[in-house]
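These notes concern the structure reproduced below.
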Amino acid sequence: MKEELSQNSRTIILCGRGRCCPKITHHTADKKNYITISDDYNGSVKLTTQEAKELKEAISKLLD
């Protein structure tokens, strides 16, 4: 994994090799607090932070 920081966001690149990897970004600009998950095919999903927490919990249940 690779982490990138900017003034209004924090991004984690899942495979760490660059452009061809899924990215998870936490956006904090303008008091809008949300997460985007982007894939390497120009697709993306926008989630509230609460939805992201619920997704984390759901994935943990699937992997247990």
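What follows is calculated from the coordinates using simple rules that are stated; it is not laboratory data. Quantities reported herein were computed from a predicted structural model and do not represent experimental measurements. Using ideal geometry, Cβ is built from the backbone for each residue, glycine included, and neighbour counts are taken over all protein chains shown.
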Expressed as a rounded percentage, what relative contact order does the chain have, with Cα pairs under 8 Å and six or more residues apart?
19 percent
Within the chain, which is the longest segment containing none of the trypsin sites (Lys or Arg not before Pro) that sit in a DSSP loop and have at most 15 other Cβ atoms within 10 Å?
33-64
Using θ = phi - 60° and the Karplus form 6.51 cos²θ - 1.76 cosθ + 1.60, what ³J(HN,Hα) does each residue of region 47-64 get, whole Hz, x for Gly and Pro?
10, 5, 5, 5, 4, 5, 5, 5, 5, 4, 5, 5, 5, 4, 5, 5, 8, 6
In region 4-64, the GluC sites (Glu not before Pro) that sit in a DSSP loop and have at most 12 other Cβ atoms within 10 Å of their own Cβ are none
Under 5 Å between amide H atoms, partner at least 5 residues away or on a different chain: which partners does residue 34 have, H built in plane at 1.01 Å?
27
Which value, in debye to the nearest 20, describes the size of the charge dipole of the chain about its Cα centre when Lys and Arg Cβ atoms bear +1, Asp and Glu Cβ atoms bear -1, and nothing else is charged?
160 debye
Of the listed links 31/61; 2/32; 31/53; 2/31, those spanning more than 22 angstrom between alpha carbons are 31/61; 2/32; 2/31
Karplus couplings for region 2-11 from phi (6.51 cos²θ - 1.76 cosθ + 1.60, θ = phi - 60°), rounded to Hz, Gly and Pro as x?
10, 10, 10, 10, 9, 5, 10, 7, 9, 10
